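Take a look at the structure set out below.
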Ligand SMILES: [Zn+2]
C-alpha cells in the first residue's frame, strides 16, 4: 500500500470549515476561499505546543498523586487521602470494583495518555516512518479516551457524595484534586494540538508512483 498526502498533492484544508483547496505559494498568508480563515498546511507549531502542554501535565502529575485529593473530617478525627491511599482504602474495605475504577481512571489512564502523546510527538519530531498506521490508531484511542477523562473527577465527586451520605463526615477536595484536574485538561488540549497528519508527512510514498499519480491527475505534462 502506497500513500500520498493532500499536502504533497498541493492541497490545503481549512481548519475552520474543512474546505480542501489548492495551495498558493506566496508571502501573504493564504485565506480560505469559502470562509476567509487563514490557511495552514499543518497546525502551526503543533509539536512545540504539544510539548509545552505535555511537560506541564507531566509536572502536575506529581502533586496530583502526592497531594491529598480528599480531606475527611469526622468526629473520629481528620484524614487526608491521596489518589493511591484512596485506592488502597477501597480495596481493603472490600469495595474492589470502585478501587479498580479509581486506579484505572486516575492513575493508569492519565499515565498512558502522557506516554502515548510523548511517543507520538517524539516520533513526529524525528520524522520517523515507523508504523504510521499504528501510531494513527494510538492517536485516535487517546482522542477517544479524552472524552472520558472527566470520569476520574466524576468518581471523586461520586465518592464524596457517597461518603457524605453514609456518615457524618465532612469531605472537601484537597489541593491534589486541583492538580489532577489540571493534568486532565492539559493532556486533552495537548492531544488537540498534536497534528496527526505529521505522522504521514515523512512516510515514503514508494518513490515516483504517487508523484506520477499526482502529475496524471493535474493533467498531461508531456
Ligand atoms: Zn474555510
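With labels modelled as points extended 7 Å from the Cα through the Cβ direction, what inter-label distance (nm, one decimal) is found for residue 161 paired with residue 104?
2.1
State the three equivalent ellipsoid semi-axes of the stretch 43-203, derived from the C-alpha gyration tensor as the square roots of 5 times its eigenvalues, in descending order and whole Å.
Values for the stretch 43-203, descending: 36, 15, 11 Å.
I want to check the label-to-label distance for residue 56 and residue 19. Put each point 7 Å from Cα in the C-beta direction and report it in nm to one decimal.
Roughly 3.3 nm, to one decimal.
Take the Cα radius of gyration of the stretch 43-133 and divide it by 2.2 N^0.38 Å, with N its residue count; two decimals is plenty.
Normalised Cα radius of gyration, the stretch 43-133: 1.49.
Taking neighbour counts of Cβ atoms within 10 Å as a proxy for exposure, in what order, fewest first, do 95, 81 appear? It would help to have the intermediate numbers written out before the result.
Values: 95 15, 81 19.
Least crowded to most crowded, the residues run 95, 81.
Please compute the modelled spin-label separation between residue 4 and residue 96, points set 7 Å along Cα→Cβ, answer in nm with one decimal.
5.7
Give me the tail of P(r) for the stretch 1-63 as a percent: Cα-Cα pairs with distance above 20 Å.
Of all Cα-Cα pairs in the stretch 1-63, 46 percent lie more than 20 Å apart.
Only the coordinates and a few stated rules stand behind these numbers; no lab work does. Everything numeric in this text was worked out from a predicted model, so none of it was measured. For neighbour counting, all protein chains shown are included, and Cβ atoms are generated from backbone atoms with ideal geometry for every residue, glycine included.
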